[in-house]
Amino acid sequence: MGKMDEIILVVPRKEVFADETLTFQGLTGNEELVSKIMGQIAEHFSEMRRGDAEEAPEFKQPIPYVVIKRKDEVFVYERLSGGGEARLHNKLSLGFGGHMNMEPGQSFQELLKINTDRELEEELIINEPDKLGMTAIGLINDDETNVGAVHIGILSALELKDDAAVAVRETEQIRGYWLPVSELKKKDLYNRLETWSQFVVDILS
C-alpha cells in the first residue's frame, strides 16, 4: 500500500472552526480557543484515504507536532536528498509527528497519545528512560499554503534532561542535531525552516 492509500483521521473544516468563527492563522496558545477547537475535533473526526484528503481543503487533517527541548536547545532535523519529498529537501524542521490513524474504541485524546507515541518511536531514538514529560503548547494553522490548508497541527513540547541523547532512525533520509533557539532565530537558518517550525521559533525564547 502506498502512503497515499493510508486511511487517516480527518475533520470537516466547518466543524473544526465552527463555521469559521474560530479560525486563526499561525500559532495560537490561547487556552479558550484551543479548548474549543480540540472539542470540535474530538466530536467530529472521521476517516479518509490520505490521497483524497490531501486534495480536499474542506477537511483538516490533525497532525501531532512535537518539539524536543533540552535546556535552551531544540532538536532539529534536516531532510536529505535521499528522502521522499523533493520539495522538503534541505529544509529544517523542529516538529516530529505525522498523520493519525484510528484505533477501535479510542477517544480522540487517546488516539492523539497513541499516534504521538508511535511517531516518536518510529522516528527517534531517545536515550533517556526518565523523560520530563510532554507539555501541550497550542495549535498551528496555515491557510496561506496549499499544504497547510489541509492540515492542523497539535503542538506540544517534550522536555528532556540536560544530558539526554537523541538520534534519528532514518539516517539516509534525515539528519538530526541540537541547536540553540538563538541560532534558529538568525536569518539564514530561520529562512530554511518549514513554515510550521518558523511559527514555533517565533514563540520560543
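No lab work stands behind these numbers, since they all come straight from the coordinates. Just so we're clear, the structure is a prediction, and the values are computed from it rather than from any experiment. Note that each Cβ is placed from the backbone with ideal geometry, even for glycine, and that neighbours are counted across all protein chains shown.
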Practice task
Once you have the Kirkwood Rh of the range 150-205 from its Cα pairs, apply Stokes-Einstein at 37 °C and 0.692 mPa s and quote D in µm²/s.
Solution key: 245 µm²/s
Exercise for the section: Specify the longest stretch of the chain that does not include any exposed loop site, a site being one of the GluC sites (Glu not before Pro) with a non-H, G, I, E, B DSSP assignment and at most 11 other Cβ atoms within 10 Å. Expected result: 86-143
Exercise for the section: Distance between Cα centroids, the range 1-48 to the range 149-184: provide it in whole Å. Expected result: 23 Å
Fill in the blank from the handout: Everything considered on the Cα gyration tensor (a ≥ b ≥ c; rounded for a/c under 1.5, else prolate if a/b is larger than b/c, else oblate), the range 84-205 must be described as rounded
Handout entry: Placed amide H near V147: partners under 5 Å, 5+ positions off or other chain
Key = none
Handout entry: Spin-label pair N30/K71, simplified geometry with 7 Å Cα→Cβ offset, distance in nm
Key = 3.7 nm
Practice task
Using the number of other C-beta atoms within 10 angstrom as an exposure proxy, rank V168, V11 with the fewest first.
Solution key: V168, V11
Problem - Value of relative contact order over the chain, rounded to a whole percent, pairs C-alpha under 8 Å and six or more apart - result: 27 percent
Practice task
Find the Rg to Rh ratio for the chain, where Rh is the Kirkwood radius over alpha-carbon pairs and Rg uses the same atoms.
Solution key: 0.94
Exercise for the section: May I ask you to list the residues of the range 98-116 whose amide nitrogen lies under 11 Å from a point 7 Å from Cα along the Cα→beta-carbon direction of K14? Expected result: none
Exercise for the section: Would you check the chain for Lys pairs whose C-alpha atoms are within less than 17 Å, ignoring same-chain pairs closer than 8 in sequence, and give me the count? Expected result: 14
Handout entry: Cα gyration tensor shape for the range 127-175, rounded if a/c is under 1.5, else prolate or oblate
Key = oblate
Exercise for the section: For the chain, give the share of DSSP beta bridges that are antiparallel, in percent and rounded to the nearest 5; count only bridges with both residues there. Expected result: 75 percent
